[in-house]
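Q: This is the structure I want to talk about, given as structure tokens.
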Amino acid sequence: MNLGTTDLKKQLSKLAESSWQQPVMVSRYGSPWIWIVSHDTWRRRLGTADPVLPDHPLMALRQHVDAELQRRAAEILRQANERYQAPPSITMLRTLILQALYDMESPQALHEQLVYNLLFRDFVGADIREVTRDVSTFVETLAAMTRDEQVVSLLEEVLAQAPLGAAAAQSGISPECRLLGVWRDRLAVKQRRVSPPPATRVTPLFLHAGQ
């Protein structure tokens, strides 16, 4: 059932009874706002969302990543200002790190994991809607970040001292972060293409008198 806020105020008692049969969605300004559900429905939903234990190795990596990003916050902002760009989103930086950690070449597959995988969602953070709202925008944003020299360098620095070995022994991450190397190699190829060729040195010729 779908209704607006005005109807909600008028029919709250009746709607509460209806929610026992099916969830009731309340819209505001034409967009979904809240849901009214029965206690049993709510409990079933909670039962399918087991919390991620804080001592999971990926959560330890999240703490390291956040600390390193915080330490470099001023530098990240300075670099963005120099290029007249907004600084990269912390949520998207975590997402890109997640892609490197799990060696997931397909951004579409990563997007699907973020929609359904609670562990991945917890790693990325509370602003999960930023990365799950639209798959095409998600793919384009990730691709643009992997083509950014400063972003790739930042990820290399953040993960250089990360406790990847211990985490790899308890989870499915790739301690080599192979994708980081792929992105770095791609940047190197791009740099060679745009670099001007070396100047050719011209040796002057001196003609002797009478020649």
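Every read-out reported here was derived from the displayed coordinates using simple, explicitly stated rules and does not represent laboratory data. Here the structure is a predicted model, which is why all the values come from computation and not from measurement. No Cβ is skipped: glycine too gets one built from the backbone with ideal geometry, and neighbour counts run over all protein chains shown.
Q: Taking amide hydrogens as modeled 1.01 Å from N in the peptide plane, which residues meet the under 5 Å criterion relative to Ser174, leaving out close sequence neighbours?
A: Here Tyr102, Asp103 satisfy the definition.
Q: Kindly write out, for the stretch 172-181 in residue order, the coupling ³J(HN,Hα) from the Karplus curve 6.51 cos²θ - 1.76 cosθ + 1.60 (θ = phi - 60°), rounded to whole Hz, with x marking Gly and Pro.
A: x, 6, 9, x, 6, 6, 3, 4, 4, x
Q: If I stretch the segment between Arg184 and Ala143 completely, what's the gain in nm (0.36 nm per residue apart, minus their alpha carbon distance), one decimal?
A: 13.5 nm
Q: Treating only the Cβ of Lys, Arg, Asp and Glu as charged (+1, +1, -1, -1), what charge dipole size does the stretch 92-155 show about its Cα centre? Round to the nearest 20 debye.
A: Here the stretch 92-155 has a charge dipole of around 140 debye.
Q: Quick check: residue separation of His64 and Glu156 times 0.36 nm, minus the Cα distance between them. What number comes out in nm?
A: Extending this stretch completely gives an extra 31.8 nm.
Q: Right, next: Considering amide H positions built from the backbone, and no H for Pro or chain starts, which residues 5 or more places from Trp33, or on another chain, come under 5 Å of its amide H?
A: Amide H neighbours of Trp33: Val26, Ser27, Arg28.
Q: Right, here's the next one. Could you check the spin-label model distance between Ile34 and Gln170? Points 7 Å from the Cα along Cα→Cβ, value in nm.
A: Simple spin-label model gives 3.9 nm for this pair.
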